[in-house]
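Q: Got a structure here, written out as structure tokens. Questions coming.
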Amino acid sequence: MEKCLFCERQEDEKRWIASNELCFAIEDANPVTKGHTLVIPRRHEADYFLLSDAERAAIEALLAKRRQELLAGDATIAGFNIGVNVGAAAGQTVFHCHIHLIPRRVGDVAEPRGGVRGVIPEKQAY
């Protein structure tokens, strides 16, 4: 296996902003918005759908915890996008599962309607 960016991040606990037994969170290196966080299972697995129920529950718990931390520290946050890219065709470039938690603010884009549907721009507005 080639070196994995997120397995390497797992070894650098100083960069973690939150963690639990089965996953950890770091700030995205190329954030979409301020506070953009990645929640990453500790076990190396590329595909979200191949994670165990326990891993998905741990991810959900960390997403909720991080959401509360972000809301407590930034009153301008008005919403969130949560996203997972599974496979190259879906845009996955680091093949270690990771979930994006992206804080959203009023006016951060001209028209937010359709949210994650924007992965195919002509399908975003409906």
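The values are calculated or read from the model by the stated rules, or taken from the named source; none is laboratory data. All values derive from a computational prediction rather than experimental measurement. All Cβ positions, even for glycine, are placed from backbone atoms using ideal geometry, and neighbour counts span all protein chains on display. In case anyone asks, the SASA skips ligands and DNA or RNA and just uses the protein heavy atoms, side chains included. Shrake-Rupley method; radii C 1.70, N 1.55, O 1.52, S 1.80 Å.
Q: Could you go through region 10-27 and let me know if any residue there is more than 30 Å from Val106 (Cβ to Cβ), open to solvent by 60 Å² or more (accessible area, probe 1.4 Å) and in contact (Cβ under 8 Å) with a residue 24 or more places away in the chain.
A: yes
Q: Name the residues in region 64-119 that are open to solvent by 70 Å² or more (accessible area, probe 1.4 Å), under 14 Å from Leu38 (Cα atoms) and basic (Lys, Arg), would you?
A: Answer for region 64-119, where residues must be open to solvent by 70 Å² or more (accessible area, probe 1.4 Å), under 14 Å from Leu38 (Cα atoms) and basic (Lys, Arg): Lys65, Arg67.
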